[in-house]
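Data block below; observations after.
Quick note: the coordinates plus some simple rules give every number you see, no bench work behind them. Everything quoted here is computed from the prediction, not taken from an experiment. Here Cβ is always computed from backbone atoms with ideal geometry, including for glycine, and neighbour counts include all displayed protein chains.
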């Protein structure tokens with residue numbers, strides 16, 4: 001009798017664990033990509049208007065967000081994609097610091113494409129299934 005209760009409890013716990021394994025990472029990726037996309041859009045918008053100081057702040061915030069989120073992202077995403085996103089965010093920040101707006105705009109555009117690729121490949125959606 002005791003073994004049957006233990007087996008049932010462990011089965012329920014394993015099912016809950018598997019369910020959380022499929023639900024939590026996509027939510028984390030969605031939240032991260034929304035924050036990063038808003039920072040990217042703001043940086044590009046400020047750069048197009050010529051407000052380099054505000055664009056630099058957005059680039060610094062983006063680089064900090066990526067570096068802070070990198071350990072968690074590397075748990076369930078391809079390491080090379082996460083590393084390339086971090087490298088491009090750092091490149092945009094460095095380019096903005098020295099005033100090279102052309103390189104910064106190119107790096108921000110590349111960061112946007114990497115972010116969209118990560119979001120589309122790794123997230124479960126009906127569009128990916130069809």
Item checked: Contour minus Cα-Cα distance for residue 45 and residue 21 (0.36 nm per residue) -> 5.0 nm
Check: In percent, what relative contact order does the stretch 1-77 have, based on Cα pairs under 8 Å that are 6 or more apart in sequence?
Finding: 25
Checklist line | Cα gyration tensor category, rounded, prolate or oblate, for the stretch 31-77 with a/c compared to 1.5 | finding: prolate
Notebook entry, point to check: Residue separation times 0.36 nm, minus the C-alpha to C-alpha distance between residue 53 and residue 121: what's the value?
Noted result: 21.1 nm
Item checked: Residue-averaged 222 nm ellipticity for the chain, from DSSP H runs of 4+ at -39500 (n - 2.57), nearest 500 -> -32500 deg cm²/dmol
Next item on the list: Please list 56-69, 93-106, 9-22 highest first by mean number of surrounding beta-carbon atoms within 10 Å per residue.
Entry: 56-69, 93-106, 9-22
Next item on the list: Over 19 Å, how big is the tail of the calculated P(r) for the chain, in percent of all Cα pairs?
Entry: 54
Checklist line | Relative contact order of the chain, defined on C-alpha pairs under 8 angstrom at six or more residues apart (%) | finding: 25
Next item on the list: Enter the per residue convex hull volume of the stretch 47-98, computed from alpha-carbon coordinates, in Å³ rounded to the nearest integer.
Entry: 66
Item checked: Point-to-point label distance, residue 84-residue 68, nm (Cα→Cβ direction, 7 Å offset) -> 2.6
